[in-house]
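Colleague: The structure is given below, and queries will be raised subsequently.
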Amino acid sequence: MDNDLRRNVFDWDDLQIFHAVATTGSMSAAATVLGCQQSTVSKRMRQLESRLSAQLIERRADGVVLTRAGSAALDYAVTMQRSAQRLETELAGMDRSLAGQVSLRVPDGLATYWLARHIPEFQRVNPEIVLKLINDRSAPASDTAAALSLTFTPDKSMDTEARALGSVHYMPMASREFIATYGAPRSLEDVLTLRFLRLEQYDPSLHLWQRKATATDEVVRYSFTADISSVLFETIRHGGGIAMAPTYLASLYPDELVVLDYDFHQDVRFWLKNSPGSLGITRIKCVADWIAELFNRRLHPWFREEFCHPSEFSDVEVIKPQT
């Protein structure tokens, strides 16, 4: 290959690195996502900017900001990734085999407490499908890394299809151990004297109960915060304090948890997303149908869009304020 031709060959790895930097907002976060050293990310970014003769990012102490050229380049990068994914989908469109890998991006709470317990049965029925679960924070914001994605944010893009699966409803909960140690609160004033735990939303577009939470923050005492929902839920189960938790936990752990019913609950809807045409691939459709059945609202009323009180589907103890 002569030198002129070498200069015209575009290094797609550099473009992938730029996409990770642009979508995560920093060199260090991109390095974590890509599984490489931050110095490698920085070096490859400089190479890409030199190759394009344009500055794509402004490097700041708290991260990076896209320049005008960088914004344009990101649009092209996303379009090229989606085009590549569509090409793969179309070429595999006649694939009727129930064999091969299917990747699914999913929030850690739903993955840990709902999907995981149903995966063994899926494996028994579909032994040739390799199911790959991807944490929704382990890849850049684009959904190109997964064939399917469970998400709390609807996609308004024409490049993805989304169907509503239901809602996750939240109520204050504590463990029986915590209540046995500190006593059962019989009024809202009693509750506010106890330890609270809080989930810090890593996605700024998710504000599950922002208005009430802002007012609550002024009077409650948070002893623990986490941005990993499974860690928060386990801390509740093991007596760490009171926190907003999904009501489906009451169906899973009725002998361990207590619901504090103070006429306060919140909900957040969730969707299953896929790229157009991908459900024509048999193994992807198989996984999508399995996911839809897992969140069947007739069988699992805690995922209904309308609120269903835990007492309607569980023997969990419910504490209400005394009148």
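Colleague: At a Förster distance of 41 Å, what's the computed FRET efficiency of S97 paired with I228, Cβ-Cβ distance as r, to 0.05? Please report the intermediate quantities before stating the final value.
Modeller: Details: r = 36 Å, r/R0 = 0.88.
My answer for the efficiency is 0.70.
Colleague: Got a sec? How would D136, D289 order by Cβ neighbour count within 10 Å, fewest to most? Walk me through the numbers before you get to the answer.
Modeller: Details: D136 22, D289 11.
If I rank by nearby Cβ atoms, fewest first, I get D289, D136.
Colleague: How much length is gained if the chain between R269 and R59 is pulled fully straight, taking 0.36 nm per residue apart and subtracting their Cα-Cα distance, in nm to one decimal?
Modeller: Here the segment from R269 to R59 would lengthen by 72.0 nm.
Colleague: I've got another one for you. Work out from phi, with θ = phi - 60° and the Karplus expression 6.51 cos²θ - 1.76 cosθ + 1.60, the ³J(HN,Hα) of each residue of the stretch 173-182, listed in order in whole Hz, and give x for Gly and Pro.
Modeller: Here the 3J(HN,Hα) series is 9, 8, 8, 4, 4, 5, 5, 5, 7, 10 Hz.
Colleague: May I pose another question? Tell me the label-point distance for the pair C36, S187, using the 7 Å Cα-to-Cβ offset, in nm and rounded to one decimal.
Modeller: 6.2 nm
Read-outs throughout are calculated quantities, based only on the coordinates presented, and are distinct from any laboratory measurement. Values in this document were obtained by computation on a predicted structure and should not be read as measured data. Glycine also receives a Cβ, built like all others from the backbone with ideal geometry; neighbour counts cover every protein chain displayed.
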